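The values are calculated or read from the model by the stated rules, or taken from the named source; none is laboratory data. This is a predicted model, so every value here is computed, not measured. Quick reminder, even Gly has a Cβ in these numbers, built from the backbone with ideal geometry, and neighbours come from all protein chains shown.
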Amino acid sequence: MHSHRDSSPSPQPDHLSEQWGRAPSQLPASEGLGRRLQRFFARSLRILPKGVVRIFASPYIAGETLEEGVETARRIHRQRRLLSTLDVLGEDVARMEDVEAYHREYLQLIDQIAELPYANISIKLSALGQLIDEEDCIRRTEDILAHAARAEKFVRLDMEDSSTTDSTLRIYRILREKGYDNVGVVLQSRLYRTKDDVEALKPLKPNVRLCIGIYREPATVAMQDKDEMKHHMLELLRTMWENGQHVALATHEEWCIREALRIAEEMHKPTEEIEVQMLLGVPRNSLQQELIDRGITVRLYVPYGRQWYAYSMRRLENNPEVLHSILKSLSHGIFHSGEN
Ligand SMILES: Cc1cc2nc3c(=O)[nH]c(=O)nc-3n(C[C@H](O)[C@H](O)[C@H](O)COP(=O)(O)OP(=O)(O)OC[C@H]3O[C@@H](n4cnc5c(N)ncnc54)[C@H](O)[C@@H]3O)c2cc1C
């Protein structure tokens, strides 16, 4: 499975940023309901056969094999100067033999990108047995960090749902205390606790990927309103920048990125210290090129692997425009099928 969008040598029209790249206060009130409806339809994608889902998911996935993942990282750098963080799809592993397999795959992936200065990796602790045996998971993660350090590679610990936040931050701290500096963590602005986590982590000056968080969480622990999450994300960004931390802002929301750039300017932050991350396949080509031209680091999350279904469903459900693109593809198929 190959990504077609990011293989295009010339920037694509970025209709989504035109449509949504505005501050929330400027959005018409009716859009809230529209988005909810679209999300409802997107959720009903679960009844579609896997083969059909795969067609819609293909722009978001680099392929099923390590070679396809690495080739995508090479291609997007060659064609569009984008950096990558490679991810082996898979999470919440229940059997030790699968944990072993992910551990081996991460080591191989590091070997394969050792010569690519523009690529690093993201790992999921649940794929390394976090939920089965935390001590064993720490040993395996340490092994991966040591291997990555020898190849001068950075490793990001992805953040999963809120039931794993304590454990993930604990493991992160332990690894930093053991002296590993080539490791970073992810914080999710939708969680109320994140403000406190940012404070508690300050002395470590962690390298943080900051995002809103993709997992739906209960109102007891998380904000439910996306605009609130995004404003919170910007507040957290400012706090961490003020603490001298490197933050990779992971969002596709154009107004958020522009607001972050405004904050950076206000703080006299050099552009080369700013990093924006986005997902492979989300159509943001012109914005990405603009940022790169301004000297900002733009890194794409490049997932590959056979376990593409859960990841893809989360992405498709999270993207309210998915229905629009499905209808567009279908109508394109209906009206243009006779041309070939
Ligand atoms: C590099 C990267 C790493 C991430 N790592 C984590 C992690 O470790 N843990 C975690 O919980 N979450 C992670 N996320 C997911 C993140 O938390 C959000 O759920 C996701 O990025 C969508 O939020 P948004 O800020 O882009 O805002 P949204 O409001 O969701 O999106 C903003 C705009 O982008 C469009 N858009 C968003 N997604 C898509 C899509 N798939 N296809 C087409 N258009 C889309 C929306 O339609 C909207 O127009 C990561 C995201 C990125 C970019």
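Remarks
- Pairing each residue of segment 221-236 that is of a type in the set (Gly, Ala, Ser) with any residue that is within 13 Å of the ligand (Cβ to nearest atom) and at pLDDT 95 or above, provided the two are 6+ apart or on different chains, yields C-beta distances under 9 Å for 222/162; 222/188; 222/190; 222/191; 222/213; 222/229.
- Residues of segment 187-199 satisfying the condition of being closer than 19 Å to residue 156 by Cα and part of a helix (DSSP H, G or I): 194, 197, 198
- Qualifying residue in segment 161-177 (condition: surrounded by fewer than 22 Cβ atoms within 10 Å (Cβ to Cβ), at pLDDT 95 or above, over 24 Å from residue 222 (Cα atoms) and out of contact with any strand residue (DSSP E or B) (no Cβ under 8 Å at 6 or more places or on another chain)): yes
- Residue in segment 215-223 that is assigned to a helix (DSSP H, G or I), out of contact with any Phe, Trp or Tyr (no Cβ under 6 Å at 6 or more places or on another chain) and near the ligand (Cβ under 9 Å from one of its atoms) present: no
- When segment 260-284 is filtered for residues that are within 12 Å of the ligand (Cβ to nearest atom) and polar (S, T, N, Q), only 277 remains.
- Residue in segment 274-286 that is out of contact with any Phe, Trp or Tyr (no Cβ under 9 Å at 6 or more places or on another chain), under 30 Å from residue 54 (Cβ atoms) and among the polar types (S, T, N, Q) present: yes
- Of all residues in segment 235-259, those satisfying the criterion of being more than 10 Å from the ligand (Cβ to nearest atom), in contact with a helix residue (DSSP H, G or I) (Cβ under 9 Å, 6 or more places away or on another chain) and either assigned to a strand (DSSP E or B) or closer than 24 Å to residue 154 by Cα (or both) are 236, 237, 238, 239, 240, 241, 243, 245, 246, 247.
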